[in-house]
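Derivation of every value follows stated rules applied to the coordinates shown; laboratory data play no part. From a predicted model like this one, the values you see are computed outputs, not experimental measurements. We place every Cβ from the backbone using ideal geometry, glycine too, and count neighbours over all the protein chains shown.
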Amino acid sequence: MTPEALMELAREAMGRAYAPYSGFQVGAALLGESGRVYVGCNVENAAYGPTCCAERTAFFSAVAQGERRFQALAVLGGMGGVVSRPAAPCGVCRQVMAEFCPPDFPIYMGGPDGRIEKHTLSELLPLAFSGQNLQTDPA
Ligand code: THU
């Protein structure tokens, strides 16, 4: 699947964002190793803290459906669903990605006029904390 096709699915998901408090709508589309795509949108809450980002919604949905290995993520967002600049995933979502994805995992960020920026997970989250840090044997 092309980055453009994955981004289109993220855009559709962005349209389903539940963002009555910030007005900032985000959509994500996560391509599994199987070829299946898992979409997510941000889901806000009146208590603010329980809000879940689009990226984590997509990852958690995928894991809940039995997929844990992934090929790529597309994400885009904007106020009222209008994309004026690429939306970089937040730090919490980057940490969730690091749980399931390798350092060279591609993250496509949608910008205005259909432009797409590609970044890798290690660019967004260098020196990630991982399950290896919980091992007692030396590196
Ligand atoms: N948001 C995401 O969905 N993904 C991100 O990576 C950054 C922020 C959402 C959370 C909240 O609903 C809104 O954008 C404003 O922060």
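A compact table of results
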item	result
Residue among ASP137, ASP113 that is farther than 21 Å from ALA58 by Cα, part of a helix (DSSP H, G or I) and acidic (Asp, Glu)	ASP113
Flag if GLU99 is closer than 23 Å to PHE129 by Cα, surrounded by 12 or more Cβ atoms within 10 Å (Cβ to Cβ), among the charged types (D, E, K, R) and more than 12 Å from the ligand (Cβ to nearest atom)	yes
Qualifying residue in segment 117-132 (condition: touching a residue at least 40 places away in the same chain (Cβ under 8 Å), closer than 18 Å to VAL26 by Cβ and among the hydrophobic types (A, V, I, L, M, F, W, C))	no
For GLY66: the one exception among (1) under 26 Å from GLN132 (Cβ atoms); (2) small (Gly, Ala, Ser); (3) within 12 Å of the ligand (Cβ to nearest atom); (4) in a loop (DSSP other than H, G, I, E, B)	(3)
Residues satisfying the stated conditions in segment 37-53, i.e. more than 8 Å from the ligand (Cβ to nearest atom), in a strand (DSSP E or B) and surrounded by fewer than 23 Cβ atoms within 10 Å (Cβ to Cβ)	VAL37, VAL39
The listed residue being under 18 Å from LYS118 (Cβ atoms), within 14 Å of the ligand (Cβ to nearest atom) and surrounded by 12 or more Cβ atoms within 10 Å (Cβ to Cβ), out of ARG16, ARG56, ARG94	ARG94
Residue within segment 19-36 that is assigned to a helix (DSSP H, G or I) and surrounded by fewer than 19 Cβ atoms within 10 Å (Cβ to Cβ) present	no
